[in-house]
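Visitor: Encoded as structure tokens, here's the structure I'll be asking about.
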Amino acid sequence: MSETGNRRRGLLLLVSSPSGAGKTSLSRRLAADHADLALSVSATTRPPRPGEVGGREYRFVDRPAFDGMVARGEFLEWADVHDHRYGSPRAPIMAALESGKDVLFDIDWQGADQIAAAAPDDTVRVFILPPSMADLARRLHARAQDREAVIQGRLARAYGEIEQAANYDYVIVNEDFDRAYADLAHVYHAERLRRARNPWTEDLVQTLLAEKL
Ligand code: 5GP
């Protein structure tokens, strides 16, 4: 239900970027600031980074468990990213949509493509760009959560990921976090107001037209 108490059609907000461009912090803040927006917690075969908690950042599973989930059709989408598997579990997403919430996905372009193909009218795709490749490298090093070889691999793949920005609806440059966050929040707010996501407004229009002064 929306703030007005009227039924809305929930949207799927897909946020992608090369690793280190800030999409995870932006996504988590957007979800924290909006009670109507549920964050999809992915399953992954990647080992936890220091500070990551199972069930919060990710559901950390081993490869046989992940492949079992694939075989049982439990993912809305899944993909190989940076030598590991990542997937969006279907059940919590459907439950969130049925309870009238929107769902935010912090996923790579392969996953965003799959969801956009399955539900084109309900998806909004946002790509976060770093202001420069040097800045991206600085952020990956500053994060200091990955080994140097892992960082180099992520940087090498960033070029291919940035090319995918052309398929997204919105592109936000994360030079200043607060500014980028405001941009993301504006996109989300405007997309929520689309007429097609608010079918109840048709009834309101009819009611207004029938109201004689
Ligand atoms: P990281 O290992 O840095 O947390 O994530 C690596 C990449 O995998 C990021 O681009 C992240 O958005 C993406 N990712 C995380 N979860 C999923 C998912 O469920 N599906 C897909 N396709 N990509 C994901």
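The values are calculated or read from the model by the stated rules, or taken from the named source; none is laboratory data. The model shown is predicted, which means the values in this text are computed figures rather than measured ones. In this analysis, Cβ positions are derived from the backbone assuming ideal geometry, glycine residues included, and neighbour counts consider all displayed protein chains. With ligands, DNA and RNA removed, areas are computed over all heavy atoms of the protein, side chains included. Shrake-Rupley method; radii C 1.70, N 1.55, O 1.52, S 1.80 Å.
Visitor: So R63 passes all but one of these: (1) more than 17 Å from the chain's Cα centre (by Cα); (2) within 12 Å of the ligand (Cβ to nearest atom); (3) in contact (Cβ under 8 Å) with a residue 12 or more places away in the chain; (4) within 28 Å of Y159 (Cα to Cα). Which condition number does it fail?
Guide: Condition (2) is where R63 drops out.
Visitor: Next question. Got a number for residues in the stretch 70-97 being within 11 Å of the ligand (Cβ to nearest atom) and either open to solvent by less than 60 Å² (accessible area, probe 1.4 Å) or assigned to a strand (DSSP E or B) (or both)?
Guide: 15
Visitor: Moving to a separate point now. Of the residues in the stretch 99-135, how many are within 20 Å of H189 (Cα to Cα), charged (D, E, K, R) and open to solvent by 10 Å² or more (accessible area, probe 1.4 Å)?
Guide: Within the stretch 99-135, residues that are within 20 Å of H189 (Cα to Cα), charged (D, E, K, R) and open to solvent by 10 Å² or more (accessible area, probe 1.4 Å) number 5.
Visitor: Suppose the filter is within 12 Å of the ligand (Cβ to nearest atom) and within 24 Å of I151 (Cβ to Cβ); does W109 pass it?
Guide: yes
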